[in-house]
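Values in this text are rule-based calculations from the coordinates and carry no lab data. Model, not experiment: these values are computed from the prediction. Don't worry about glycine lacking a Cβ; one is built from the backbone with ideal geometry, like all the others, and counts go over all protein chains shown.
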Amino acid sequence: MAPPRMAPRCLHILQALADSTSRTSSAATASPPLRAPLARWLPTLLCVCLAAVVAPVRAAPARERGAVIDAVDVVPRRGARVPAQLEVRRADGTTVSLASLLAAPRPRLLVPAWYDCPNLCGTVLENLARALGRSGLTAGTDFDVLVLSLDPEERPAQARAARAALAARHPGAADWHFLTAAPHVVEDVTAAIGYRYVYDAARDEYAHAAAVTVLDPAGRVQRQLYGVEFAPRQLRRVLVDGGDGTLGSLGERLLLYCYGYDATHGYTPSIERILALLGMLTLVLLGGGVLALRWREHVRADGARRG
């Protein structure tokens, strides 16, 4: 997706604003700000540029994907239990109950993923494996990792391939559980932990968030880890001490929407909204800064006349 282009009138106003500012810096006796072009043009500048920034967000492709992205979320459900009676398929093709994978009294990281995911999943698993490898803890002894495919069409062969590829770079991942399951199992498990995803038929992809659910030794939701970056010290604290029991700060939750770019389709609507808000904030700060400079020059000129 190309960067948003400003409307011609916006560019014209920006150029006039630059000329006005240049004249101000070279002459202390400039006109009072309320009579200067800046004062007349500043509201128009902000409105026109605001429209230029927001317009791409409302483009047709973004609207088409908006409903899909809006359905993606992680709703914290602290204390909720994973339905242990459900059955899943391990990477070796055997069918086991979740209860058997939750039997050992140790904490677990549950990672909803998609083995053929072209965007986030590989990055999440890669960074998680790297951080756990540096935490000083051992998978299968101190904790377990359960990776559950969101795609019910994926098979144990794909789970084995994903595990082998990750373990080749991070040997500790060889002891992770890479799982596939029937549609109702995936839906029940993700619903239990508050993980909302949706299949995007137009792109033949699963839209989902970047989040890892921490389960306590009893299989209950303890907290969520958002985003794609994980600190070894944080993971150790969460797994050994149980952390502080919180379910992620506002800043952490915002990370859900900061990793949605892909080269083919550009930014997701959520990312575009964030970029638009940042653009609006930048324009407001720019306009306020220039106005403050004009006012300071006016005060200096007024003081010089009175002196």
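Observations
- Shape of segment 83-139, Cα gyration tensor, a/c cut at 1.5: oblate
- Applying 1/(1 + (r/R0)^6) with r as the Cβ-Cβ distance of T141 and R203 and R0 = 51 angstrom yields a FRET efficiency of 0.80.
- The E87 and A168 beta-carbon pair, evaluated with R₀ = 30 Å, returns a calculated FRET efficiency of approximately 0.55.
- A cut-off of 5 Å between modelled amide H atoms, ignoring neighbours fewer than 5 places along the same chain, links R223 with V214.
- Length gained on full extension, A80 to E153: 23.6 nm, using 0.36 nm per residue less the C-alpha separation.
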